[in-house]
1. Is it possible to state the helix-based mean residue ellipticity at 222 nm for the chain, with each DSSP H run of 4+ residues giving -39500 (n - 2.57), the sum divided by total residues, to the nearest 500 deg cm²/dmol? What is it?
2. Taking the Cα centre of the range 1-150 as origin, work out the dipole magnitude from +1 charges on Lys and Arg Cβ and -1 charges on Asp and Glu Cβ, in debye rounded to 20.
3. Using Cα-Cα distances under 8 Å and only pairs 6 or more residues apart, what relative contact order does the range 58-147 have, in percent?
4. Heavy atoms only, probe 1.4 Å: what % of the accessible area of the chain goes to carbon and sulfur, would you let me know?
5. Counting other Cβ atoms within 10 Å of each Cβ, which trypsin sites (Lys or Arg not before Pro) in the range 218-268 have at most 14 and sit in a DSSP loop?
6. Given charges of +1 on the Cβ of Lys and Arg and -1 on the Cβ of Asp and Glu, with all other atoms neutral, how large is the dipole of the chain about its Cα centre, in debye to the nearest 20?
7. Using Cα pairs under 8 angstrom and six or more residues apart, how large is the relative contact order of the range 201-252, in percent?
8. Any idea of the accessible area per residue across the chain, 1.4 Å probe, to the nearest Å²?
Amino acid sequence: MVIFNEKEKLTPTIVELKNQNKTIGFIPTMGALHEGHMSLVRASKLQNDYTIVSVFVNPTQFNNADDLAKYPRTEEKDIEILTKNGCDFVYMPTVQDLYEENEVAKQYDFGTIDKVMEGASRPGHFDGVATIVAKLFRAVIPTNAYFGEKDFQQIRIIQEMVKQENLDVNIIPMPIFRAETGLALSSRNARLNNQQVNEAPFIYKILTDAVNLKNEGKNIDEVKKYVDDSFNNSPFKLEYFEITDEKTLLPINSFSNTENSRGFIVAYAGDVRLIDNIQF
Ligand code: AMP
């Protein structure tokens, strides 16, 4: 596996491969890699000639300096797991390689999709995400880029950004990779204590119960009440549960009003914020 720290070295390598008609699969990450990330690497390896992973904790998507400072950094382990999984290239840039001094995120107009759910509590977050992914796409020039549906709203943002920036890349959404217990894998799970690890599959169980209730004919209010009541009797604190249209990400008030809907949940186990979603 070849490690690049500078886009000046990386981009010409990719250009050369693309001139030979090779396809490039790309997985942008913030490191602290786990099997969820590796499920994206495996898909890329099957579908492309070369696979590249970027590891970069992007400062412009954090609205809290403390969160940024606390984000786990496990570079050596990341290199180890990527090597083991047969990744071809890794791009681990410094902030200076991607941003000018004092550069801030580009302001995008995403309509409503960056205002709801994860965007409501983190103003500017998705501008930061779109800014860095656009920069990474220009440096890596991938054929296909893989994103996890765990961050479903982020995928919608990236799809819009690619349209607005006119970038030539296929965005490939990938299913959420879960532990056998159902818990969605996340870098944040490392902060759960043993008891919380045992309890956390509750979140996915409630999501699957909610889908079953819908299939039994319950309406949105009944499904939402079930989720609220379940969390009130649990060790977790529910931040939000929304059922939205997959495209607009706006809440729906009837299952029959929309072709594809999805339930999004955020809950706290102690001070660990866990996120998950499911298609309805
Ligand atoms: P992150 O490093 O958390 O920014 O994640 C990098 C990419 O991996 C994003 O596209 C995530 O959605 C994806 N990802 C993280 N965890 C999972 C998971 N459990 N299943 C599928 N994709 C994931």
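1. Per the formula, -12000 deg cm²/dmol.
2. Details: 16 positive and 21 negative charges, 86 e Å.
Roughly 420 debye, rounded to the nearest 20.
3. Rounded, it is 47 percent for the range 58-147.
4. With neighbouring chains kept in place, the figure for the chain is 48 percent.
5. Answer by residue number: K247.
6. Numbers: 30 positive and 40 negative charges, 80 e Å.
Here the chain has a charge dipole of around 380 debye.
7. Over the range 201-252, the number comes to 23 percent.
8. 50
The values are calculated or read from the model by the stated rules, or taken from the named source; none is laboratory data. Every value quoted in this text rests on a predicted model; they were computed, and no experiment measured them. Here Cβ is always computed from backbone atoms with ideal geometry, including for glycine, and neighbour counts include all displayed protein chains. Accessible surface areas use protein heavy atoms only, side chains included; no ligands, DNA or RNA. Shrake-Rupley method; radii C 1.70, N 1.55, O 1.52, S 1.80 Å.
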